[in-house]
Amino acid sequence: MEGLNALAGFGVGLLVGLTGVGGGALMTPILVLLFGHAPSVAIGTDLWFAALTKSAGSVLHHGRGTVDWQVLKRLWLGSLPAALLTLLWLHLSGFDKLHHSGLLAALGGVLLLTALAMMFKNRIHTFGQGLRTETPESFKRAQPALTVAAGAVLGFLVTLTSIGAGALGAVMLVYLYPRRLTPARLVGTDILHAVPLTVVAGSGHLLLGNVDLSLLGGLLLGSIPGVLLGAHFSTRAPDGLLRPLIAAVLVLVAGKMLLG
């Protein structure tokens, strides 16, 4: 199992480094459907897996200057408070422990939303470019508040399901900043945004007893070299091929979870 954990970690880490997406969206279903872990444990463990894996990738992106700090601060302003509020709700309601079928449904729903976002990313980008061109002043005035709101949505979804920081975050950003963020800066900003968010959410899940440290160690053995390798080649990744493939897999996995 340790070898399988490391192999799974390497594969997911590689995709995270290349595209900025695929962490929670692939790892959590792997832990639930293939390795048989409870949804709450898979979510809590994956949050720390994402935090440590993306920390390694973010170091390379920061060194290359592919991080937009102003956009990042706006996202954190929404996502971190939302994560804390979601953790408080989980603690008071016991939802993560008492409603496994509800968690599976939430995972399936967010996976499906993630797949759709990946499929229509280019169209959403084009739509954002059109608005930016036609109404530039009003579009720019709305950017700060909309970015904070996008961060809040991501904070809730990531804390509840461990999914969304990568793919959904990237799609939100290409809509909100269609000209400002180059592909490399989009990946770097998206990855670094997830680091403190998953640390906060993962710390809460650790206190709730939802983190398997032994499992986490095995996953990280593979993910750290995987994400470093992916980040190194991120500017040359065949994004047009990888994203549709990941999206197709996510649709199948979402259907499995939604249908039980």
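Considering only alpha-carbon pairs that sit under 8 angstrom and 6 or more positions apart, the relative contact order computed for the chain is 45 percent.
Heavy-atom accessible surface of the stretch 126-260, averaged per residue, reaches 43 Å², computed with a 1.4 Å probe. Membrane-span-like helices in the chain (whole DSSP H runs, Cα extent of at least 18 Å along the helix axis, mean Kyte-Doolittle hydropathy of at least -0.5): 2-19, 39-64, 69-93, 100-119, 136-161, 183-207, 213-232, 239-258.
When the charge dipole of the chain is built from unit charges on Cβ atoms (+1 for Lys and Arg, -1 for Asp and Glu) and taken about the Cα centre, the candidate among A184, A152, G169 whose Cα reaches farthest toward its positive end is A184. Compute log10 of I(q)/I(0) for the stretch 103-143 with the Debye formula, placing one identical point scatterer on every Cα and leaving out solvent, at q = 0.20, 0.28 Å⁻¹, to two decimals. The Debye formula, applied to the Cα set alone, gives -0.67, -0.84.
Hey, which lysines would be in cross-link range of K140, C-alpha to C-alpha under 17 Å, not counting anything within fewer than 8 residues on its own chain? Qualifying lysines at Cα under 17 Å: K73. Could you work out the local net charge near L215, counting Lys and Arg as +1, Asp and Glu as -1, over the other residues with Cβ closer than 15 Å to its Cβ? Result for the local shell: -3.
Using heavy atoms of the protein chains and a probe of 1.4 Å, the accessible area assigned to M118 is about 10 Å². The sum of -39500 (n - 2.57) across all DSSP H runs of n ≥ 4, divided by the residue count of the chain, sets its helix-only mean residue ellipticity at 222 nm to -28000 deg cm²/dmol.
Each pair of Cα atoms in the stretch 150-260 enters the Kirkwood radius, and Stokes-Einstein at 37 °C and 0.692 mPa s then converts it into a translational diffusion coefficient of 206 µm²/s. Computed over the stretch 111-209, the quotient of the alpha carbon radius of gyration and 2.2 N^0.38 Å is 1.14.
Assuming a ≥ b ≥ c are the square roots of the Cα gyration tensor eigenvalues, decide whether the stretch 181-238 counts as rounded (a/c under 1.5), prolate (otherwise, with a/b larger than b/c) or oblate. Taking the square roots of the gyration eigenvalues as a ≥ b ≥ c, the stretch 181-238 is oblate. Classify the chain from the C-alpha gyration tensor, please: rounded if a/c falls under 1.5, else prolate or oblate depending on whether a/b exceeds b/c. Note, shape of the chain comes out prolate. The figure for H99 is an accessible area of roughly 90 square angstrom, using a 1.4 Å probe on the protein chains alone.
GNM remark for the chain: springs join alpha carbons under 10 Å apart, and the peak mean-square fluctuation among A142, A115, A51 falls on A142.
With Cα atoms defining each centre, the stretch 110-129 and the stretch 186-201 are spaced 19 Å apart in the structure.
The values are calculated or read from the model by the stated rules, or taken from the named source; none is laboratory data. Owing to the predicted nature of the structure, the values given are computational and were not obtained by experimental measurement. Reconstructed Cβ throughout: ideal geometry from the backbone, glycine too, with neighbour counts over all protein chains shown. For the accessible areas, the whole protein counts, side chains as well, though only heavy atoms, and no ligand, DNA or RNA atoms are used. Shrake-Rupley method; radii C 1.70, N 1.55, O 1.52, S 1.80 Å.
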